[in-house]
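Nothing in this text is a laboratory measurement; each read-out follows from the coordinates by a stated rule. The structure displayed is predicted, hence computed values, not measured ones. Every residue, glycine among them, receives a Cβ derived from its backbone with ideal geometry; neighbour counts consider all protein chains shown.
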Amino acid sequence: MLNKIIEFSIKNKLIIILMTLGLIIYGLFELKKLPIDAVPDITDNQVQIITVSPSLGAPDVERFITFPLEQTNYNIQGIKEMRSFSRFGLSVITIVFRDDIDLLVARQQVAERLQQVSKDISTNLGVPQMAPISTGLGEIYQYVVRPKKGFEHRYNPMELRTIQDWIVRRQLLGTPGVADVASFGGNLKQYEVAVNPAILKSMGVTITEVFNALQKNNQNTGGAYIEKGPSVLFIRTEGLMNKIPDIENTVVKNLADGTPILIKNIGKVQYGKAIRYGAMTFNGKSEVAGGVVMMMKGSNSNEVIKLVKSRIEEIQKTLPEGVKIDAFLDRTKMVNNAIGTVSKNLLEGALIVIFVLVLFLGNFRAGLLVASVIPLAMLFAIIMMNIFGVSGNLMSLGALDFGLIVDGAVIIVEAILHRFKHLTKFQDKKISQEFMDREVYTSSSTMMNSAVFGQIIILIVYLPILTLQGIEGKMFKPMAQTVIFALLGAFILSLTYIPMMSSLFLSKKIDLKKNFSDKMMDQLEAFYHRTLNLVLKIPNLVFFSVVGLFLISLFLMSRLGGEFIPSLPEGDFAVDTRVLPGSNLKTSTDAVQKSSKILMKKFPEIEKIVGKTGSSEIPTDPMPIDASDMMIILKPRAEWTSAKTYNELAEKMSAELKKNLVGVTYSFQYPVAMRFNELMTGARQDVVCKIYGENLDTLKVYAEKLGAISKKINGAQNIYVEPISGMPQIVISYKREALSQFGLNVEDVNNIVNTAFAGQSTGSVFEGEKKFDLVVRLDGEQRKNVEDVNNLLISTPSGIEIPLSTVARVELKESVNQIQRENAQRRIIVGFNVRNRDIQSTVEDLQKVVENDFKLPSGYSISYGGTFENLQQAKSRLMIAVPISLLLILLMLYFAFNSVKYGLLIFSAIPLSMIGGILSLWIRDMNFSISAGVGFIALFGVAVLNGIVLIAEFNRQKLVHSDLKEVVKIGGKTRLRPVLMTAFVASLGFLPMAISTGEGAEVQRPLATVVIGGLLLATFLTLYLLPLIYIWFEEHFPDRRKKFQEVSAEEDGYDE
C-alpha cells in the first residue's frame, strides 16, 4: 500500500507538485483565519445568574434570592458544580456545566428555571438575569473615559459616566463578537427630589403623596386619530418631564383653601447620583469612568480586538471636546508577547534543524529538501487546527519540535544518499531521470516501514495528553493536537512529496568522494568504535553504574517541587488591594490613589495605573467596595531599570507600598491569571483552602486559625482570609405591638425607610434619547447618622406623623458581610499565593500541619482548590494514561520485531531517557509541572526510535556475523549517523525554547529542558548500554523459535 503511494508520487510528479501548491495556497488562506491568543481559554462551561438588590443585606440576599435560585436550578442535567455569593445588595450564582454540554442549551434551561422562580422572588427585591455569554478570557479590552490635560475642570465623574453609557457603550455594543460592555466607575446620573422631612411635616404631606404626584404627572399617551376631510390627524399628549422646572412645578396636593403645594415647596430638585458600588481612578490623580469589553464565547479575540479598536477610533471623533478614550488593558499586548516568543523560538529552532541536517547529511540540497517539510507540515497543521477549532497560542504552538516533524523525511533522504554513496558503477557519472526515479523508489520503499513506524510511535506517546479533562485538558490538549496534526502532515509528505522531490531536486551526478560530513562521521565512528571496545570489556560496571544513576534520578524526582504550569507573565500586574472590611468607597479609592502615586513616583517602568474599586455595572466579578484591582500597566521589559524579572519587580513594589501605607493589603498577580483563578474556584489566589459548614461564626473562627497556620508555611504569601463579618450596619427591628397600636404594617414602613434612604424611582426623565431615573429620597443632610434614621417620620392612617423610633429599635451592629456557598453548602475561603517555591510542596506542608493541629467539629470539612487541585487531577489522569501508552508502544515493538525480547530491549531506552530529563530539571532548579510531563512524553517517543534503528541493524548484522561483539560494533557504527542526527535534530530544535527569556517562555522552558537533557543522555546511553544488553539477552535468551515444517506423507502415513 505505502509502496504504491510512493510509486504513484514518483511517476506523477506534476500531480504531487500541484497538490503541494494547493496545500501552500489553502494553508496560507487558513493561516489568516487561525484564531490567535496568548493561552487557551480554560474557563469552564459557565452560566452566571446576577441579581442586584440594593435594599437587602447579605443574610436576606441569601434567604430570599440565592437559596431559591439554587434550589430551582440544582436539578438541571449536566451540572458539575454550583457556587454562589451573597453580599449586601448583590447575589451572584455561578453554575458550572460539564464540557460536553452545549452552553446555549444550558442557558436555555437556566432561563426556563428563572421564569419558574420569578413568582417566588418579588420584583422589588431584584430581577435575576444571566450574565453575558463570555468567559474568563472574554475581558479583552478595558478602557477609561477621561478628560484630556487642561480639561479636567470641565468634566466631572457624572458627565464622564454619561458619555461612557450613552456615547461609547452604545456604539461598542454593535461590534461583531462583543457580548456586552460593562460600565465602571463615575457617577450614574439621576434626577433627584430631595425632600425635607420638617417641611413635609409642617405642610402635612407624606412621602407616598410625593411619589404618587410625580408618577401621575410624568406620562404621555395618545387619543388615536380624528378624520378631517380626506386625511387623518393623530392625537398624542406630551406630559413627560424633561427638565428640572417641569419637576419643580408639579402639584403634590392642594391645601384646604385651594393653595397648591408644589414639589419645589417641600424639597430640592437637583441632579443626583445612584448609590455607587464601584469607582475608577487614573494614575492616582482623579476619578474617571470606563468600561470592560466582553467578547462572545468562541469568537476570535484577535479579530474582535481589531474591530473594537477601529470602532473606538470612530467613537473618539464623536466625543465632546477634551474627552479621551484611553485603553489600559488590551489583550493584543499579551498575545503579541506570547506569539512573538513562540515565533522567535520556532524560527530559531527551524534554522538549527536545517544546520544540523546539512551538517550530518553533508548535502546542502538534501538539507533544504528535508527542511522544506517544516513549513508544509505547519500549513497542514494550521488547516487541521481550524477544522478542529484549536487556536494558535503559546500552548498549542509551544511544543512543536521540528526535529520530530522531519524525522520521517530524514530517514528516507538519508537512505537515498547512503545508497548513492555505494553506486560504484556510476562513479563521476550522471544518472538518467528514469534510473534516478527507480533508485529513489528502492531506497524509499526499503526505509518506509521504519519511517512510518517511528511516526506512529510518536503519535502514540502523545495520546495520553488527549485523555486529560477539565482545565488541564483545555490547557494541554491543543498542544498534543497540534503536534499530531503536524506529524500527520509530515507523514503524508514523506510518502508523497519527499520521494517526488528527491528524484527531481537531488543531484544526479554520483560523487563517491568523501565530503566534510563523511569526514566528520569517520572521526565520530572511530571514536565510537574505540570507546565501545572499552565498554564491552567492563559490561557489569557500566550496567550497574547506569542502574545507580537511574535510582539517583528517581530520588531527585521525588525531591522536585510540583506545579500545574509555571505562571505566565502577561506584561502587566493586577494588584488585589484591600482596606478594612466595612470601609466606604472613598477610603478604598483614596488608598488606591495614594498607592498609585507612590508607585508612579518610584518606578519608571510604569506606564499608567488604573484603579478599579468594587464592581462594574455587570458584576461578573463581584468585588466589595473595600476591595480594588490596581492595574499596573508596564513598559516593555527592555526599558526596565529597577528589576530584571516580574517577580523581582513585584517584590520591590510590594515592599515600597508596605513601607508607606498601613492598613492596606496587596497581592500581586497577573490580570488574566487572576480572572482564571476566580472563575475556576471562586477565589483569586493560587491555592484556595475551603472550609464547609453551616454556622458562619464557627466558619470564621476556623478560617482565622487556618490563616494563622498558613502564614507559618514557607512560600505562602499574601494570605487572604475571607471577611464574612465586620460589616457595620444600622439594623431596624420592628416593635409589633407599637405598629398595631398605630394601625401600621411592616410593608408600608419598609417602603418609607427604603424611599427615604436608598431612594425609589418614580419614573424616568428623557433627554433626547438618554434616559435617567427620577428618584425620591431624603435630603442628603437628613441621612448622615443613626439619629436621622430614628427621627424618620412615619405617617399613620389617623393622619398624625410619628418618628420611626416609636415603632422600631434602631441599633448600630456588626453584621455579616458576605456568604459564599458551594454545592448547597456554606463555605469560607482561606487563600494564598506561592512565591519562590513550588505549589505542591507548599500545600503538602500545609496539609501535614492541618492533619496534626487542626481539628474541625463534626459536619465541617476542608478541601484544597486552585491550581494545586488541577495539578492533582492532571497527575492522577496521567498515572493511568501514560502506562497505557507505554504498553501500546511495547505492543507496537512486539509487532515490529515479532519478539517480546526485542520489544523489552528497545523499551529500556525509556528509563534511560528519564535519567537525563530528571537531571536536567534538577540542575536548572525547575519544578515538575504538567509542561515538563509533556516533555517526558515527547522524549519517550524519540528515545524509542533510536532503539528501533539500532536493534534492527544489529539483527541484520547477526545474519552475517556470528560474533555478537562484532555484530554490535559494526551495527552501531553503521547506524551512528541516523541515531545522532535524530537525537540532535529533535533536541537542538528545542534549544531556543530552553534558553528563551521572552514573555511566556516560562511555560515552554521545562518542556524543552526535559527533551534536550533526556535525549542527549539517552542517545549516549543507548549507543553504549544497548549493545551490552543486546549481547546479554542474545546469550541468555537465544531465539529458539522454529518455523513450522509441513508434515510429509512418510511421517504420518497419510494415504490418499
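Per the Debye calculation on region 192-253 with a single equal scatterer at every Cα and no solvent contribution, log₁₀ I(q)/I(0) for q = 0.12, 0.30 Å⁻¹ amounts to -0.46, -1.27. Converting phi to 3J(HN,Hα) with the Karplus coefficients 6.51, -1.76 and 1.60 and the offset θ = phi - 60°, region 83-99 yields 10, 9, 8, 10, 9, 3, x, 8, 10, 10, 10, 10, 9, 9, 9, 4, 5 Hz in sequence order, with x at every glycine or proline.
Helical content alone sets the calculated 222 nm signal of the chain at -16500 deg cm²/dmol, taking -39,500 (n - 2.57) per DSSP H segment of four or more residues and averaging over every residue.
To the nearest 0.05, what FRET efficiency results for F543 and E704 with a Förster distance of 41 Å applied to their C-beta separation? Numbers along the way, then the final one.
On the way: r = 58 Å, r/R0 = 1.41.
Using R0 = 41 Å, I get an efficiency of 0.10.
Between region 481-500 and region 798-869, the alpha-carbon centres lie 55 Å apart. Annotation for K509 and N791: the two label points, set 7 Å from Cα along the Cα-Cβ direction, are 10.9 nm apart.
Using Cα pairs closer than 8 Å and at least 6 residues apart in sequence, work out the relative contact order for region 323-402, in percent. Could the numbers behind the result be given before it?
Values: 30 pairs, mean separation 30.7, N = 80.
Reported relative contact order: 38 percent.
Net length available on complete extension from K659 to L240 is 145.2 nm, with 0.36 nm assigned per residue and the Cα-Cα distance removed.
Relative to the longest principal axis of the Cα atoms of the chain, the long axis of helix 976-988 makes an angle of roughly 10 degrees.
Run the numbers on region 362-513 and let me know its relative contact order in percent, using alpha-carbon pairs under 8 Å that are six or more apart. Intermediate values should be presented prior to the final figure.
On the way: 170 pairs, mean separation 70.1, N = 152.
For region 362-513, the relative contact order is 46 percent.
Compared with the alpha-carbon gap, the fully stretched path from N124 to N254 is longer by 43.7 nm at 0.36 nm per residue. Of all lysines in the structure, the ones whose alpha carbon falls short of 22 Å from that of K430, not counting any fewer than 8 places away in one chain, are K11, K13, K421, K508, K509, K513, K514.
Just to confirm the number: angle between the C-alpha axis of helix 696-711 and the first principal axis of the chain, 0 to 90 degrees, nearest 10? The answer is roughly 40 degrees. Quick one: of K309/K635; K149/K594; K4/K973, which pairs are farther than 29 Å apart, Cα to Cα? Cα-Cα > 29 Å for K4/K973; rest within.
Efficiency by 1/(1 + (r/R0)^6): what FRET value for E314 and I884, r their Cβ-Cβ distance, R0 = 56 Å, to the nearest 0.05?
After rounding, the FRET efficiency stands at 0.50.
Summing Cβ point charges (Lys, Arg +1; Asp, Glu -1) relative to the Cα centre of the chain gives a dipole of roughly 2340 debye. Between K602 and R98, the C-beta separation translates, for a Förster distance of 56 Å, into a calculated FRET efficiency of about 0.70. Relative contact order for the chain: 16 percent, from Cα pairs under 8 Å spaced at least 6 residues apart, divided by residue count. Figure legend: label point modelled 7 angstrom from the Cα of V452 along Cα→Cβ; residues of region 2-19 with amide N under 18 Å from it are 2-11.
Annotation for region 736-775 versus region 345-424: alpha-carbon center distance of 74 Å.
Packing here is the average count of other Cβ atoms within 10 Å per residue, and on that basis the peptides 730-736, 484-490, highest first, run 484-490, 730-736. Note on region 195-251 and region 644-698: Cα centroid distance 53 Å, given to the nearest whole angstrom.
Relative to the dominant Cα principal axis of the chain, helix 470-495 is inclined by about 40°. Put a dot 7 Å past the Cα of I5, heading toward its Cβ, do the same for T806, and the two dots end up 9.4 nm apart. Using the average count of surrounding beta-carbon atoms within 10 Å as a protection proxy, the listed peptides 620-628, 965-973 rank, highest first, as 620-628, 965-973.
Rounded, prolate or oblate: pick one for region 765-808, where a ≥ b ≥ c are the square roots of the eigenvalues of its C-alpha gyration tensor, a/c under 1.5 means rounded, and failing that, prolate if a/b is larger than b/c, else oblate. Write out the running numbers ahead of the final one.
Details: a/c = 4.77, a/b = 2.02, b/c = 2.37.
Judged from the Cα gyration tensor, region 765-808 comes out oblate (a/c at least 1.5, b/c at or above a/b).
Shape analysis of region 572-669 yields a ratio of the Cα radius of gyration to the Kirkwood radius, Rg/Rh, of 0.98. The listed peptides 237-244, 265-272, ordered by packing as a protection proxy, come out as 265-272, 237-244 (highest mean of other Cβ atoms within 10 Å first).
In this structure, the residue pairs whose Cα-Cα separation is over 29 Å, taken from K612/K875; K608/K875; K216/K273; K586/K652, are K612/K875; K608/K875. For region 362-513, the average shadow cast by the Cα convex hull is 9.3 nm², which is a quarter of the hull's surface. Can you give the extra length, in nm with one decimal, that the chain gains between I387 and V232 once fully stretched, where that is 0.36 nm per residue apart less the Cα-Cα distance? Stretched out fully, the I387 to V232 stretch lengthens by 49.8 nm. D by Stokes-Einstein for region 42-193, Kirkwood Rh over Cα pairs, 4 °C, 1.567 mPa s: 73 µm²/s. Legend: Rg and Dmax of the chain, from Cα coordinates, 37.1, 142 Å. Taking label points 7 Å from Cα along the Cα-to-Cβ direction, F1020 and H529 give a separation of 2.3 nm.
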